[in-house]
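A short write-up of the structure that comes next.
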Amino acid sequence: MSISSYDGRALINGKRVEALGGQTFDCLSPVDGRRLTTVARCGQADVDAAVAAARAAFEDKRWCGLAPAARKRVMIKFADQLLAHAEELALMETLDMGKPIKYARAVDVNSAANCLRWYGEAVDKIYDEIAPTASSALALIQREPMGVVGVIVPWNYPMIMAAWKIAPALAAGNSVVLKPSEKSPLTALRLAELALEAGIPPGVFNVVPGYGPEAGSPLALHMDVDCIGFTGSTRVGKQIHVMAGQSNLKRAWTELGGKSPNIVFADCPDLDKAVEAAVGSIFFNQGESCNAPSRLFVEASIQDQFLEKALALAPQYLPANPLNPDTIMGAIVDKTQMETVLRYVESGKSEGASLLYGGEQALSETGGCYVQPTIFAGVNPSMTICREEIFGPVLSVLSFTDAAEVVRLANASVYGLQAAVWTRDINKAHGVARALKAGTVHVNQYDEDDITVPFGGFKQSGVGRDKSLHAFDKYTELKTTWIRIDSPV
Ligand code: NAD
């Protein structure tokens, strides 16, 4: 497929359409700065049209009226469509947001397809409840789809973030209006076409690309949207909850930022593995991961040894052309984000952290947006790089001397998304894991991930959980039906 054929128009009621006002924006590639296509710049009128289409589809039951087993079959076809178009989707994702093609194909396409398949397969295996009431009545407790679900997602894993929300929402029978990030809108639009080809009826899954305040806010404020599933920054997530309250009290679920602590004790069972995980996880996806372990706490007695090993690995992560199948560190999503990351590097230097590696823009001759993998040591908890989410390839290393101290430091964050602890002492592992305020705690690894387990955070990392059967809670309402039984026998 040639890049010039990428279609940036919205998809509303089963059709590709320009924004009603005719506005567009340029979709630029961070790989080399080239313009990939123009994209519909949707606003209030387009969101109104998409919500009206979604509402009509919900009310005439063209999708929610199907038996769960029938929706399952379509969801599985939808997943198969992603795999059948895997190369195309991976290339689009890489060009649009800069991640290495190797991971776009092996991680993003596969995870998104797996997610669609898993929720499809689950939906005809979930039973409702009968409450243990007195025998003079029967109380049925049933889940019903909410109606119209608005979905707003970020740019770091465009297909996966969309799939985590649209899969349970669609499988449960809702209609969806998705607003992808303006920085990476292309794969979401293509997913909606593949959904139609798989048999999801027109109007059930709509996509309105555009900027946050222009297309996202009208969705979050819409009086006919029943629920909003949001992934993005904590700053915008707070606004989403305000908008939900200001409008129709729609259910609002937010998956937000993180500043995850990774704690390595001197009795870590395998120091090489701990170093590989610490370095590999912060630099994966160019550091643009909400759960990246960006605060590394190393017990003082092993810090020199740990840093020596980390510095030996860092050069492997120097950025390269994301289209090269061997590349493991690609481009930062755009110039604005690259400049943000470089500003944080400057703040680390000026606040007194020691820059041990990287810290510079790279490959500027390509016209793309690249930053070297960066390691700071001598970081203290009050420094900006230790408190704020950078969302780039920047690791802050701190040292500690005992478990109580490190738990206090690790929990001293507004975020609580993930955490890790490395130790061979089972009591210490459990004790520290319990004490950490995080939605997920890893022990002696940082890679485990599965669609069957919930994903989400404590504190200002958000409200609600993506993935697992728990995600159905977000996109369904519980209804109780009381039936009186005047038994003749
Ligand atoms: P962002 O908050 O800037 O944007 C996210 C989405 O919200 C985009 O689609 C954007 O257009 C939209 N938006 C922006 N302003 C809006 C407004 N006023 N009203 C409605 N919508 C608006 O975040 P980002 O820069 O795209 O993504 C990075 C953030 O996402 C990081 O903080 C990261 O931690 C977070 N994230 C969290 C998870 C998670 O599961 N917890 C996963 C991925 C990313």
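Here is the link list: K250/K479; K165/K437; K165/K250. Which ones come out longer than 19 Å on Cα distance?
Going by Cα-Cα distance, K165/K437 fall outside the 19 Å limit.
Please list the non-local residues whose amide H lies under 5 Å from the amide H of E477, H modeled 1.01 Å from N, same-chain partners needing a gap of 5 or more.
E144, M146
Roughly how tilted is helix 44-59, in degrees to the nearest 10 and between 0 and 90, from the longest Cα axis of the chain?
That works out to roughly 50 degrees.
Average the reciprocal distances over every distinct pair of alpha-carbons in the chain, invert the result, and give the Kirkwood radius in Å.
Mean inverse Cα-Cα distance, inverted, gives 23.4 Å.
So what are the ³J(HN,Hα) numbers for the range 400-407, from phi and the Karplus equation (6.51, -1.76, 1.60; θ = phi - 60°), rounded to whole Hz, Gly and Pro as x?
8, 10, 8, 4, 4, 5, 6, 5
With the crude spin-label approximation of a point 7 Å out along Cα→Cβ, what separation in nm comes out for T366 versus A312?
2.8
Taking the Cα atoms only, what angle lies between the long axis of helix 303-313 and the longest principal axis of the chain, rounded to 10 degrees?
The two axes meet at around 70 degrees.
Using alpha carbons only, how many degrees (0 to 90, rounded to 10) separate the axis of helix 68-84 from the longest principal axis of the chain?
The angle comes out near 40 degrees.
What aspartates and glutamates could a cross-link reach from K238, if we take a straight Cα to Cα line under 19 Å and drop same-chain neighbours fewer than 8 places away?
E214, D226, E255, E388, E389, D466
Just in the range 302-369: which GluC sites (Glu not before Pro) are loop by DSSP and have at most 16 other Cβ atoms within 10 Å?
The qualifying sites are E351, E360.
Report the extension gain between R424 and L478 in nm, rounded to one decimal, defined as 0.36 nm multiplied by the number of residues separating them, less their alpha carbon distance.
15.0 nm
Once label points are set 7 Å from the Cα along Cα→Cβ at both R434 and A131, what is their separation, rounded to one decimal in nm?
Roughly 3.4 nm, to one decimal.
With N denoting the number of residues in the range 1-88, provide Rg(C-alpha) divided by 2.2 N^0.38 Å, to two decimal places.
1.38
Among A40, I152, P132, flag the residue with its Cα farthest along the positive direction of the charge dipole of the range 33-154, charges on Cβ as +1 for Lys/Arg and -1 for Asp/Glu.
Projecting each Cα onto the dipole axis, the largest value belongs to A40.
List the aspartates and glutamates whose alpha-carbon lies under 13 Å from that of K99, not counting same-chain residues fewer than 8 positions away?
D32, D108, E288, D326, D334
Kindly report the accessible area of the chain per residue (heavy atoms of protein chains, probe 1.4 Å, no ligands, DNA or RNA), in Å².
I get 39 Å² per residue for this part.
Of all the accessible heavy-atom surface of the range 312-431, with the other protein chains kept in place and a 1.4 Å probe, what percent is carbon and sulfur?
After summing per-atom areas, the C and S share lands at 51 percent.
The values are calculated or read from the model by the stated rules, or taken from the named source; none is laboratory data. Because the structure is a prediction, the values reported are computed rather than measured. FYI the Cβ positions are ideal-geometry reconstructions off the backbone, even for glycines, and counts take in every protein chain you see. Note: accessible area is taken over every heavy atom of the protein model, side chains too, but ligands, DNA and RNA are not part of it. Shrake-Rupley method; radii C 1.70, N 1.55, O 1.52, S 1.80 Å.
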